[in-house]
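The values are calculated or read from the model by the stated rules, or taken from the named source; none is laboratory data. No experiment lies behind these values; they were computed from the predicted model shown. Cβ atoms come from the backbone with ideal geometry, glycine included; neighbour counts cover every protein chain shown. Note: areas computed on protein heavy atoms with side chains; ligands, DNA, RNA excluded. Shrake-Rupley method; radii C 1.70, N 1.55, O 1.52, S 1.80 Å.
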Amino acid sequence: MPDARDLKRITAKRLDALGADIWTMSPPCQPYTRNNTTAKRDLADPRAAALLRLCEVLPAMQTPPRHILLENVVGFERSESCARWLAALKAAVTSI
(Lines give C-alpha, C1' and ligand atoms only; values in the text may rest on other atoms or scores of the structure.)
Protein backbone atom coordinates (compact mmCIF):
# COMPACT_ATOMS: atom_id res chain seq x y z
CA MET A 1 0.00 0.00 0.00
CA PRO A 2 1.44 3.41 -0.93
CA ASP A 3 2.67 5.53 1.94
CA ALA A 4 3.29 9.24 1.36
CA ARG A 5 5.84 10.50 3.88
CA ASP A 6 8.53 13.14 3.98
CA LEU A 7 11.71 11.08 3.59
CA LYS A 8 13.77 13.87 5.13
CA ARG A 9 12.30 12.82 8.49
CA ILE A 10 11.82 9.05 8.04
CA THR A 11 13.28 6.69 10.62
CA ALA A 12 14.82 3.25 10.23
CA LYS A 13 12.09 1.90 12.50
CA ARG A 14 9.36 3.26 10.20
CA LEU A 15 11.05 1.86 7.10
CA ASP A 16 11.41 -1.53 8.80
CA ALA A 17 7.71 -1.45 9.70
CA LEU A 18 6.79 -1.00 6.03
CA GLY A 19 8.49 -4.30 5.21
CA ALA A 20 9.30 -3.25 1.65
CA ASP A 21 11.43 -5.80 -0.16
CA ILE A 22 12.01 -3.54 -3.20
CA TRP A 23 12.66 0.20 -3.33
CA THR A 24 12.42 2.15 -6.58
CA MET A 25 14.08 5.53 -6.41
CA SER A 26 15.15 8.49 -8.47
CA PRO A 27 17.29 11.24 -7.02
CA PRO A 28 16.33 14.69 -8.30
CA CYS A 29 18.46 15.63 -11.30
CA GLN A 30 18.90 19.33 -10.46
CA PRO A 31 21.65 18.94 -7.80
CA TYR A 32 23.81 16.85 -10.15
CA THR A 33 23.25 18.23 -13.63
CA ARG A 34 26.14 19.79 -15.52
CA ASN A 35 24.00 22.90 -15.95
CA ASN A 36 23.99 23.52 -12.20
CA THR A 37 27.11 25.58 -11.61
CA THR A 38 25.82 27.27 -8.47
CA ALA A 39 27.14 26.81 -4.95
CA LYS A 40 23.96 24.86 -4.16
CA ARG A 41 25.16 21.73 -5.89
CA ASP A 42 25.26 18.11 -4.75
CA LEU A 43 25.14 17.92 -0.92
CA ALA A 44 24.38 21.63 -0.55
CA ASP A 45 21.22 21.42 -2.66
CA PRO A 46 18.15 21.01 -0.42
CA ARG A 47 16.58 18.68 -3.00
CA ALA A 48 19.21 16.06 -2.09
CA ALA A 49 18.06 15.94 1.56
CA ALA A 50 15.71 12.94 1.18
CA LEU A 51 18.41 10.81 -0.44
CA LEU A 52 20.93 11.84 2.21
CA ARG A 53 18.45 10.86 4.92
CA LEU A 54 18.08 7.42 3.34
CA CYS A 55 21.90 7.16 3.41
CA GLU A 56 21.70 7.66 7.18
CA VAL A 57 18.88 5.26 7.96
CA LEU A 58 19.51 2.41 5.52
CA PRO A 59 22.45 0.94 7.51
CA ALA A 60 20.39 1.19 10.71
CA MET A 61 17.51 -0.89 9.37
CA GLN A 62 16.93 -4.35 10.81
CA THR A 63 15.48 -5.64 7.53
CA PRO A 64 16.66 -3.48 4.62
CA PRO A 65 15.15 -4.08 1.20
CA ARG A 66 16.64 -6.95 -0.80
CA HIS A 67 16.49 -4.94 -4.04
CA ILE A 68 16.92 -1.23 -4.72
CA LEU A 69 16.40 0.21 -8.18
CA LEU A 70 17.95 3.66 -8.56
CA GLU A 71 17.51 5.70 -11.72
CA ASN A 72 20.77 6.78 -13.31
CA VAL A 73 20.61 10.57 -13.16
CA VAL A 74 23.39 12.08 -15.28
CA GLY A 75 26.09 13.52 -13.01
CA PHE A 76 24.94 11.63 -9.92
CA GLU A 77 27.59 8.95 -10.44
CA ARG A 78 30.35 11.54 -9.87
CA SER A 79 28.73 13.25 -6.89
CA GLU A 80 29.46 13.14 -3.19
CA SER A 81 25.83 12.09 -2.72
CA CYS A 82 26.56 8.97 -4.79
CA ALA A 83 29.65 8.23 -2.70
CA ARG A 84 27.51 8.45 0.45
CA TRP A 85 24.84 6.24 -1.13
CA LEU A 86 27.40 3.57 -2.02
CA ALA A 87 28.83 3.71 1.52
CA ALA A 88 25.31 3.31 2.96
CA LEU A 89 24.66 0.30 0.73
CA LYS A 90 27.93 -1.29 1.80
CA ALA A 91 27.19 -0.64 5.48
CA ALA A 92 23.68 -2.08 5.13
CA VAL A 93 24.97 -5.25 3.47
CA THR A 94 27.66 -5.82 6.10
CA SER A 95 25.18 -5.26 8.94
CA ILE A 96 22.86 -8.07 7.79
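Charges on Cβ only, +1 for Lys and Arg, -1 for Asp and Glu, centred on the Cα centroid of the chain; of MET61, LEU18, SER79, which one is farthest towards the dipole's positive end?
The listed residue farthest towards the positive side: SER79.
With Kirkwood's inverse mean 1/r over C-alpha pairs for Rh, give me the Rg to Rh ratio of the chain, two decimals please. List each step's numbers first, then the result.
Details: Rg = 13.5 Å, Rh = 13.9 Å.
Taking Rh as the inverse mean 1/r over Cα pairs, Rg/Rh reads 0.97.
Can you tell me the dipole magnitude for the chain around its Cα centre, using point charges on the Cβ only (Lys, Arg +1; Asp, Glu -1), in Debye to the nearest 20? Each step should come with its number before you reach the end.
On the way: 14 positive and 10 negative charges, 43 e Å.
Here the chain has a charge dipole of around 200 debye.
With angles folded into 0 to 90 degrees, how steeply does helix 80-94 sit against the dominant principal axis of the chain? Use alpha carbons for both and round to 10.
Taking the Cα atoms of the chain, the angle to 80-94 is about 20 degrees.
Below 8 Å between Cα atoms, with a sequence gap of 6+, how large is the relative contact order for the chain in percent?
Working: 120 pairs, mean separation 36.2, N = 96.
Relative contact order, the chain: 38 percent.
Counting heavy atoms of the protein chains only and a 1.4 Å probe, report the per residue accessible area for region 26-72 as a whole number of Å². Write out the running numbers ahead of the final one.
Working: 2900 Å² over 47 residues.
I get 62 Å² per residue for this part.
Give the separation of the Cα centroids, region 49-96 to region 1-33, in Å.
Here the two parts' Cα centres lie 11 Å apart.
Report, in cubic angstrom per residue, the convex hull volume of the C-alpha atoms of region 8-59.
Values: hull volume 4.0 nm³, N = 52.
That works out to 77 Å³ per residue.
Trypsin sites (Lys or Arg not before Pro) within region 1-76: which are DSSP loop residues with at most 14 other Cβ atoms inside 10 Å? Show your work: numbers first, answer last.
On the way: sites: ARG5, LYS8, ARG9, LYS13, ARG14, ARG34, LYS40, ARG41, ARG47, ARG53, ARG66; in loops: ARG5, ARG34, LYS40, ARG41, ARG66.
Loop-located and lightly packed - ARG5, ARG34, LYS40, ARG66.
Per the helix-only calculation at 222 nm, which mean residue ellipticity applies to the chain, given -39500 (n - 2.57) for every DSSP H run of n ≥ 4 and division by its residues, nearest 500 deg cm²/dmol? Could you put the intermediate results ahead of the total?
Numbers: 3 runs with 31 residues, N = 96.
Only helices count here, giving -9500 deg cm²/dmol.
Using a Cα-Cα cut-off of under 30 Å, which lysines could be cross-linked to LYS40, ignoring same-chain neighbours fewer than 8 residues away?
LYS8, LYS90
Taking all protein chains in place and a 1.4 Å probe, what share, in percent, of the accessible surface of the chain do carbon and sulfur account for? All intermediate terms of the calculation are to be shown ahead of the outcome.
On the way: 3550 of 6400 Å².
Here it works out to 55 percent.
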